[in-house]
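J.: Before anything else, here's the structure in question.
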Amino acid sequence: MARRVTIGAFSLPSARGCLSPSALAEQLAGYGRASSFLAGALFASLIGTMWLTYFCLQRAEVIPYVADGGVFGCEVRAVSQPALQTDRSEP
């Protein structure tokens, strides 16, 4: 007849027995594959997020407005940069 083991109301079950080195190595290799997959998925999602952010910023048609106290504001006009003077009178 098999021996019965009882667990008390407030006790935890005991840990498993010893594992063979090959079983432990297989278990660790499985954990390594899982962590590699998760790290690759995280890296791919970060790269994808960067590309999506770049494309969203490129496609956005943004017209800058300045709050001038009115209801709708005033559109900002693009002003070209003034040309630099190359001939200076000072040495």
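J.: At a 10 angstrom cut-off on C-beta neighbours, averaged per residue, how do the peptides 61-67, 39-45, 76-82 rank from highest to lowest?
T.: The densest-packed peptide leads the list: 39-45, 61-67, 76-82.
J.: A further question follows. Kindly state, as a whole number, the per residue volume in cubic angstrom of the convex hull around the alpha carbon atoms of segment 20-59.
T.: 24 Å³
Readers should treat all values here as calculations from the given coordinates under stated rules, not as data from a laboratory. Computed from a predicted model, the values in this text were never measured in an experiment. Using ideal geometry, Cβ is built from the backbone for each residue, glycine included, and neighbour counts are taken over all protein chains shown.
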